[in-house]
Ligand SMILES: Cc1cc2nc3c(=O)[nH]c(=O)nc-3n(C[C@H](O)[C@H](O)[C@H](O)COP(=O)(O)O)c2cc1C
Ligand SMILES: [Fe+2]
Ligand SMILES: [Fe+2]
């Protein structure tokens, strides 16, 4: 049977091959799947997660091929985002007796996600067990994989770990296992996009999540998106890849990118003069200039994330910063860049709002904005450029204080 994982675990999720964007920001070039699983013990039956609400009818059919809906005792919610919790309401309308097992944070979120105060919730904590008869569910707390509510569920008797988003991937083929993937390079590319969008803000939690499962005997990882990972095929590779992406090599020398836009070259001249000042003060710093309009925003975002500090410059165009600068500022990882030192600059003609507007955005994301913005009216003079170099020196001194 295609949906059979072990003698007692069955896959009952649904495919969504045509979706191209998930959660507003995640590209899903290869579609996705909303996985859910039935675990049958000799006494009790558990369902692991549900699916997106739009797919309930197909989902119900899949579940009922394995178990009468009224015979399901438990619903394990490892994580309660609506792509996994969306079908709960309809499910409990059919079987109000289901006990929903979730983390302490999960119980709070679920109440507000479903607005149903009659859910039969049971909070489970780290290392707690639920006995299904000859099978046991063991819960492993794993906050921030991907929300604070996240946990993992291990069935020791079947050497199977249910991970929800963790170790998952937005990838859809009409087959269930990793060894059935027909386009491995597309799968690996989807895995990277998924990691970057979902897990890169939570790298330290990924590392600690991996350490929690390292000593488990695992034959199958059943995530809630993408194929089931098997010990004999891609399981180790995916875990090692997640591990590698969570521990990026640290550069010895400080990286200080300067992102700018410039219509007539004035802001660009200021950027160059500032970079000289930084290099005077920190000779081993790697200062690079990026005209934002010429680069892919995700490449720039990567450089920004790896930086020790950075600067952003824009001319004022119609009382605002230039649009490509806002695109860059929209992609900042506010979690991992919190408190990072940043300064703003730009050329203007009469009103000159851009530099302070950019600083305002960065401040609201809780970065550490340098005390001054550096602005020049129209074309910089020699004196303006000297001042810009001095501004770069002051910025670098401030950075040195933070690094030491
Ligand atoms: C379409 C357009 C709109 C502008 N709007 C403003 C403005 O609202 N306020 C202002 O101070 N300067 C404004 N300026 C002037 C520019 O900020 C000024 O020319 C600046 O020196 C351009 O720097 P750049 O060479 O780095 O692009 C505008 C310029 C253009 C081309
Ligand atoms: Fe999620
Ligand atoms: Fe998800």
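Please treat every number below as a calculation from the coordinates, not as lab data. Since this is a predicted model, take the numbers as computed values, not measurements. Quick reminder, even Gly has a Cβ in these numbers, built from the backbone with ideal geometry, and neighbours come from all protein chains shown.
Going by what's in this entry, would residue 136 be described as buried (at least 18 other Cβ atoms within 10 Å of the Cβ) and touching a strand residue (DSSP E or B) at 6+ places or on another chain (Cβ under 7 Å)?
In short, no.
Can you confirm whether residue 71 is in contact with a strand residue (DSSP E or B) (Cβ under 9 Å, 6 or more places away or on another chain), surrounded by fewer than 17 Cβ atoms within 10 Å (Cβ to Cβ) and within 24 Å of residue 139 (Cβ to Cβ)?
Taking the combined requirement at face value, the residue satisfies it.
Keeping to region 7-30, report how many residues are assigned to a loop (DSSP other than H, G, I, E, B), over 27 Å from residue 137 (Cβ atoms) and touching a helix residue (DSSP H, G or I) at 6+ places or on another chain (Cβ under 9 Å).
The qualifying residues number 5.
This table checks each residue for (1) more than 16 Å from residue 213 (Cα to Cα); (2) touching a helix residue (DSSP H, G or I) at 6+ places or on another chain (Cβ under 6 Å).
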| position | (1), (2) |
| --- | --- |
| 123 | yes, yes |
| 133 | yes, no |
| 142 | no, yes |
| 154 | no, no |
| 188 | yes, no |
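Within region 61-70, track down each residue that is assigned to a helix (DSSP H, G or I) and either more than 14 Å from residue 15 (Cα to Cα) or touching a helix residue (DSSP H, G or I) at 6+ places or on another chain (Cβ under 7 Å) (or both).
Once the filter is applied, which keeps residues that are assigned to a helix (DSSP H, G or I) and either more than 14 Å from residue 15 (Cα to Cα) or touching a helix residue (DSSP H, G or I) at 6+ places or on another chain (Cβ under 7 Å) (or both), region 61-70 yields 63, 64, 65, 66, 69, 70.
With (1) without any contact (Cβ under 8 Å) to a residue 24 or more places away in the chain; (2) over 21 Å from residue 154 (Cβ atoms); (3) more than 14 Å from ligand 3 (Cβ to nearest atom) as the list, and residue 88 as the residue in question, which single condition is left unmet?
That leaves (1) as the condition not met.
Scan region 161-179 for residues that are within 17 Å of residue 13 (Cα to Cα) and more than 16 Å from ligand 3 (Cβ to nearest atom) and jot them down.
161, 173, 174, 175, 176, 177, 178
Is it the case that region 33-50 has a residue that's within 13 Å of ligand 3 (Cβ to nearest atom), without any contact (Cβ under 8 Å) to a residue 60 or more places away in the chain, assigned to a loop (DSSP other than H, G, I, E, B) and closer than 20 Å to residue 137 by Cα?
yes
Please specify each residue of region 196-217 satisfying the condition of being within 28 Å of residue 12 (Cβ to Cβ), touching a helix residue (DSSP H, G or I) at 6+ places or on another chain (Cβ under 9 Å) and surrounded by fewer than 21 Cβ atoms within 10 Å (Cβ to Cβ).
210, 213, 216, 217 - these are the residues of region 196-217 that are within 28 Å of residue 12 (Cβ to Cβ), touching a helix residue (DSSP H, G or I) at 6+ places or on another chain (Cβ under 9 Å) and surrounded by fewer than 21 Cβ atoms within 10 Å (Cβ to Cβ).
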